[in-house]
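Heads up, the thing below is written out as structure tokens.
The values are calculated or read from the model by the stated rules, or taken from the named source; none is laboratory data. Keep in mind it's a predicted model, so treat the numbers as computed, not measured. Reconstructed Cβ throughout: ideal geometry from the backbone, glycine too, with neighbour counts over all protein chains shown.
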Amino acid sequence: MGNKTYLYNNHLQSNAKIVDFGGWDMPLHYSSQLNEHHQVRKSAGMFDVSHMTVVDLSGENVGYFLSYLLANDVGRLKNVGKALYSCMLNENGGVIDDLIVYLVSDTQFRLVVNAATTEKDLAWIRKHAEDFKVDVKQRDDLAIIAVQGPLAREKVKPLLSADLQESAMELKPFNAAWNDEVFVGRTGYTGEDGFEVILPEQQAPEFWEALLAADVAPIGLGARDTLRLEAGMNLYGIDMDENYSPLEAGLTWTVAFKPEDRDFIGRKALEAQQEKADHEIMLALVLEDKGVLRGHQTVTVEGGGIGQITSGTFSPTIGKSIAFARVPAGKYEQVMVTIRNKQLAAKVVKPPFVRNGKIFV
């Protein structure tokens, strides 16, 4: 038996198939994983992501602290409510976790970190927060429900309090609004529009049931994975971890090397890696032959170099198999993937594969 979110009984009532996910009992699917995937692309679906951890940081030096802690630059957050995606690195440049950080005020930020990494994340954050006199508060009292899809915003609007309805509907992507109890971020992990709603866990079942009544279907981890891969989004522990830097995980865009005088944990290691320029790289692939790309399959690149698939799946939206693969440095238009002892051709493309219902490959 693993940890359970406050919505566990709601999942059982919807006939969810429960599986272990990073020590949590979570819904894999409720009916057809394929139908759940298309529900999000065409209408709206909801995900229980309450296993993820909200961490509130506060103090006069909290901005300086996060500037040092994260590879992306929180100095870019000029307006209250603005959000930023970043990796948190170790001294060797390896990814301890990837997370979202929100600017709440000049003296407060909110982080949302991954469930399986919570313990090590908090230990790392607290270790470095001491020097900056920053208070670190884990919010075990909060639940998170993500509502995603082209109809997500109109489904959520009637369920918000009057003081949040207007501000939430006016949010631009990667911005948040809140009142004393509910925090609404226009963020997600599917490549579709929508919200991630953070609220007191005791209120989560009622909000979940209200979404059900509004014809928002519950979506499990299976469809969440196919949706995020189509959207070109990494999964921690699969596409990156402490053994790989953002440069090796296709996340160079999340590292702010400017301003040059900003010192952050892992910077020297990344700069050395950049200068040497022989590190592995991440490719996005579309299989040109029939078959299914899966994690750990061998990838052969031009010149005979060997890599492997990190994330792979059949894309319900595209109708082809897609993947991320980590391979030796180089420029490639096509690679070969070994599937059941056969060498099959895969085209190298630029992610995302799908975004806001539109196919890009």
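Within the stretch 114-127, the presence of at least one residue that is of a type outside the set (Lys, Arg), under 22 Å from Ala177 (Cα atoms) and under 19 Å from the mean Cα position of the chain (by Cα) is confirmed. For the stretch 102-143, a residue qualifies if it is more than 25 Å from Met240 (Cα to Cα) and either among the aliphatic types (A, V, I, L, M) or at pLDDT below 95 (or both), and the qualifying residues are Leu103, Val104, Val134, Val136, Leu142, Ala143. Within the stretch 38-62, residues that are of a type outside the set (Gly, Ala, Ser) and at pLDDT 95 or above have Cβ atoms under 6 Å from residues that are assigned to a helix (DSSP H, G or I) and surrounded by fewer than 23 Cβ atoms within 10 Å (Cβ to Cβ) in these pairs: Met46/Leu211; Thr53/Thr118; Asn61/Phe132, counting only partners at least 6 apart in sequence or on another chain. On the stretch given as the stretch 208-257, residues that are assigned to a helix (DSSP H, G or I), in contact (Cβ under 8 Å) with a residue 60 or more places away in the chain and within 16 Å of the chain's Cα centre (by Cα) total 11. Output the residue which, of all residues in the stretch 122-158 that are in a helix (DSSP H, G or I) and small (Gly, Ala, Ser), is surrounded by the most Cβ atoms within 10 Å (Cβ to Cβ). Once the filter is applied, the top-ranked residue is Ala152. Is it true that some residue in the stretch 183-194 is assigned to a helix (DSSP H, G or I), surrounded by 18 or more Cβ atoms within 10 Å (Cβ to Cβ) and in contact with a strand residue (DSSP E or B) (Cβ under 9 Å, 6 or more places away or on another chain)? No, the stretch 183-194 contains no residue that is assigned to a helix (DSSP H, G or I), surrounded by 18 or more Cβ atoms within 10 Å (Cβ to Cβ) and in contact with a strand residue (DSSP E or B) (Cβ under 9 Å, 6 or more places away or on another chain).
Scanning the stretch 311-348 for residues that are within 25 Å of Glu275 (Cα to Cα) and within 21 Å of the chain's Cα centre (by Cα) turns up Phe324, Ala325, Arg326. Annotation note: Cβ proximity below 7 Å between a residue of the stretch 135-161 that is free of Cβ contacts under 8 Å to residues at least 40 places away in the same chain and a residue that is surrounded by fewer than 17 Cβ atoms within 10 Å (Cβ to Cβ) and not aliphatic (A, V, I, L, M) (sequence gap 6+ or interchain) occurs for Lys157/Gln165; Ser161/Asn179. Within the stretch 198-223, the set of residues being charged (D, E, K, R) and under 15 Å from Val49 (Cβ atoms) comprises Glu201 only.
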